[in-house]
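Chemist: Quick one: the structure is below, and I'll ask about it shortly.
The values are calculated or read from the model by the stated rules, or taken from the named source; none is laboratory data. All values derive from a computational prediction rather than experimental measurement. Positions of Cβ are backbone-derived with ideal geometry, glycine not excepted, and every protein chain shown enters the neighbour counts. Accessible surface is based on the protein model in full, side chains and every heavy atom, while ligands, DNA and RNA are left aside. Shrake-Rupley method; radii C 1.70, N 1.55, O 1.52, S 1.80 Å.
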Amino acid sequence: MKLSTPHLLGIKDLKKEDIQLILSTAQQFKEVLQRPVKKVPSLRDITIINLFFENSTRTRISFELAEKRLSADVLSFTAGASSVSKGETLLDTVNNILSMKVDMVVMRHSASGAPHFLAKHIPAAIINAGDGINEHPTQALLDAFSMQEKTGKLEGLKVAVIGDIMHSRVALSNIYLLRKMGAEVTVAGPPTLIPKYISEALDVRVEYDVKNALQWCDVANVLRIQLERQNQPLFSSLREYNLAYGIKRKLLESLNKDIVIMHPGPINRGVELDSDVADGPFSIILNQVENGVAVRMAVLYLLSPQTP
Ligand code: NCD
């Protein structure tokens, strides 16, 4: 079985069946990862390069581990230590690498659309590991996998995506995916961090009062304030953000219901999420990280030129 697309550039381009195939394949890989021998030969003789033009901890390690568990040959590249700093173009950098017979490219870039540009010009399978403020498809897939694992469904699930919706690629990919799978989505946060026409454009509800969003939802996916992408102040201070929009234990306790708490990391503890919630009984944040490896194995396997 293959996906309907040769690359994974964004959730926007995926069909519902593609998402289902990735999630069910990930389930099989998750079972493999519970065994004493966690390595399978599925990507033997496939060479993959991880091109990270922007910082990353979890995503990069997760992709590398997924590639190694699939027995691929793995190369990793960081922009700072490369000829990019000498003025080489993205296309030249990648073409030079491909001439060494690389089959698949995993790329993170600060420019939205960078992987889409590459996909038009090079003959390798490209996986977007986060492009600017656009998409982060594997994060949305691992989030959905974790939601489904915890609650048993996506269809009809009520998910609140809370925080910096405007600058978060995780928000956009989550919204595309959840709506395609029949989940209901409310975005919540300060008005300055929520795009004006998002409700009409993406078919989500908007809620400026976080307590109302929490009251409504089954799952809260809490996002980091992307200060590095904000070129003007969009709220008064981090402390005030925490007071008005931060997820706190007292707030959750006042609701008298259980809500699954998620966060893609890195967490700004005490800003969008307090430590006693991040480390509390309703948090599945570390399960998300664990599931990330299985989900990325599924994506790599399904896009590999060797997969029938
Ligand atoms: C996210 C990212 O880089 O987009 N992190 C991640 O991949 N786990 C979210 C973020 O940086 O806030």
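Chemist: Filter segment 27-63 for residues that are of a type in the set (Lys, Arg) and closer than 23 Å to Ser76 by Cα and give the result.
Modeler: Within segment 27-63, Lys38, Lys39, Arg44, Arg58, Arg60 qualify.
Chemist: Sticking with this structure for a sec: Mind telling me which of the residues Ala119, Ala160, Ala129, Ala124 ends up being touching a Cys at 6+ places or on another chain (Cβ under 6 Å) and of a type outside the set (D, E, K, R)?
Modeler: Residue meeting the stated conditions: Ala160.
Chemist: Out of (1) buried (at least 24 other Cβ atoms within 10 Å of the Cβ); (2) without any contact (Cβ under 8 Å) to a residue 40 or more places away in the chain, the odd one out for Val161 is which?
Modeler: All conditions pass for Val161, except number (2).
Chemist: I've got another one for you. Kindly establish whether Leu154 is assigned to a loop (DSSP other than H, G, I, E, B) and away from the ligand (no atom under 13 Å from the Cβ).
Modeler: Spelling it out, Leu154 is indeed assigned to a loop (DSSP other than H, G, I, E, B) and away from the ligand (no atom under 13 Å from the Cβ).
Chemist: Quick check on my filter: what residues within segment 118-139 are part of a helix (DSSP H, G or I) and either at pLDDT 95 or above or surrounded by 17 or more Cβ atoms within 10 Å (Cβ to Cβ) (or both)?
Modeler: Those that are part of a helix (DSSP H, G or I) and either at pLDDT 95 or above or surrounded by 17 or more Cβ atoms within 10 Å (Cβ to Cβ) (or both): Leu118, Ala119, Pro137, Thr138, Gln139.
Chemist: Given (1) surrounded by fewer than 17 Cβ atoms within 10 Å (Cβ to Cβ); (2) over 18 Å from the mean Cα position of the chain (by Cα); (3) of a type in the set (A, V, I, L, M), identify the lone condition not met by Ala72.
Modeler: Only one criterion is unmet by Ala72, namely (1).
Chemist: Another question about this same structure. Could you list, ordered by first residue, the pairs with Cβ atoms under 7 Å in which the first is in segment 170-195 and open to solvent by 10 Å² or more (accessible area, probe 1.4 Å) and the second is assigned to a helix (DSSP H, G or I) and polar (S, T, N, Q), at least 6 apart or interchain?
Modeler: What qualifies is Val170/Gln139.
Chemist: Against the condition in contact with a Leu (Cβ under 7 Å, 6 or more places away or on another chain) and either touching a residue at least 60 places away in the same chain (Cβ under 8 Å) or among the basic types (Lys, Arg) (or both), how does Val293 come out, does it pass?
Modeler: Judged against the criteria, Val293 is a match.
Chemist: Something else about it: Limited to segment 85-110, what total is found for residues that are open to solvent by 40 Å² or more (accessible area, probe 1.4 Å) and within 14 Å of the ligand (Cβ to nearest atom)?
Modeler: Selection size over segment 85-110: 1.
Chemist: Could you say whether any residue in segment 269-284 is of a type in the set (A, V, I, L, M, F, W, C) and farther than 17 Å from Ile247 by Cα?
Modeler: no
Chemist: Could you list all residues from segment 40-62 that are near the ligand (Cβ under 9 Å from one of its atoms) and in contact with a helix residue (DSSP H, G or I) (Cβ under 8 Å, 6 or more places away or on another chain)?
Modeler: Answer for segment 40-62, where residues must be near the ligand (Cβ under 9 Å from one of its atoms) and in contact with a helix residue (DSSP H, G or I) (Cβ under 8 Å, 6 or more places away or on another chain): Glu54, Arg58, Thr59, Ser62.
Chemist: Let me spell it out: the conditions are (1) open to solvent by 50 Å² or more (accessible area, probe 1.4 Å); (2) at pLDDT below 95, and Arg269 meets all of them except one. Which number is the exception?
Modeler: With (1) open to solvent by 50 Å² or more (accessible area, probe 1.4 Å); (2) at pLDDT below 95 applied to Arg269, the lone miss is (2).
Chemist: List the pairs whose first member sits in segment 44-61 and is more than 15 Å from Val84 (Cβ to Cβ), whose second member is in a strand (DSSP E or B) and open to solvent by 10 Å² or more (accessible area, probe 1.4 Å), and whose Cβ atoms are under 6 Å apart, counting only residues at least 6 apart or on separate chains?
Modeler: Short answer, once both residue conditions are applied: Thr47/Asp73; Ile48/Val74; Ser56/Arg108.
Chemist: Here is a further query. Looking at Pro195, Pro266, Pro281 in this structure, which one is assigned to a loop (DSSP other than H, G, I, E, B) and either over 22 Å from Ala144 (Cα atoms) or in contact with a Pro (Cβ under 6 Å, 6 or more places away or on another chain) (or both)?
Modeler: Pro195
Chemist: Can you tell me which condition Ala220 does not meet? The list is (1) modelled with pLDDT under 95; (2) in contact with a Leu (Cβ under 8 Å, 6 or more places away or on another chain); (3) open to solvent by less than 30 Å² (accessible area, probe 1.4 Å); (4) not acidic (Asp, Glu), and all the others hold.
Modeler: (1)
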